[in-house]
Amino acid sequence: MASSLALGLFISAASVPALPAAAQDNLTGRVLTEICLPYANRAQSFEKAIRAARDLRFRRPAEDRNTPLEEYASEVELISRDGAWRIRLEEGSIEYGDSEAYALSCSLSSNRASATELANLGRRAFRDERYWANDNENDRQWERRGRNPEERRLEVRVVESEGSRPALVIRGIYF
């Protein structure tokens, strides 16, 4: 599954406009396959996800670099070298329906990609119906098909809110 997802993402990354073709044509695919999906699936720790982002030349924003990252930090935002792309990693307890769950979230956003373009990326990356379910009413949201959805879930959605950049959010939820 990971190789087909990576191939689809590398192909679809070229469809995001205004990216320097040689330098960033596969950046979105690599962020999703090397950082976001492993982090949300608990295959990679918070610290390893940050290291993977740094390997892709992401760094903390200039205003945050002077403040040391707390030993038990639960969120961090990283930006690409050109400042166009942002990754936000978060973890912690959330309210989910009538219960509380633990969530790991990775968001990818850009000032160069609209919500529609991020949704197109999501459709290409998560279109395999063997692994991902999509509610036809909302073509910007996918859920990983799993054996025990009452124990863990993996959700992907494109969010767009007033005053902030649209983002592709991958969230692992553990009950």
Relative contact order for the range 43-175, counting Cα pairs under 8 Å that sit 6 or more residues apart, in percent: 19
Between rounded, prolate and oblate, where does the range 72-175 land on the alpha carbon gyration tensor, with a ≥ b ≥ c its root eigenvalues, rounded for a/c under 1.5, else prolate if a/b exceeds b/c? oblate
Would you work out which of ALA49, GLY92, PRO166 lies farthest towards the positive end of the dipole of the range 34-175? Charges go on Cβ: Lys and Arg +1, Asp and Glu -1. ALA49
At 1.4 Å probe size, with the rest of the protein present, what percent of the exposed accessible area of the range 74-134 is carbon and sulfur atoms? 40
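The values are calculated or read from the model by the stated rules, or taken from the named source; none is laboratory data. What you see is a predicted model, and the numbers here were worked out from it, not measured in a lab. For neighbour counting, all protein chains shown are included, and Cβ atoms are generated from backbone atoms with ideal geometry for every residue, glycine included. Please note that ligands, DNA and RNA were not included when accessible areas were found on the heavy atoms of the full protein model with its side chains. Shrake-Rupley method; radii C 1.70, N 1.55, O 1.52, S 1.80 Å.
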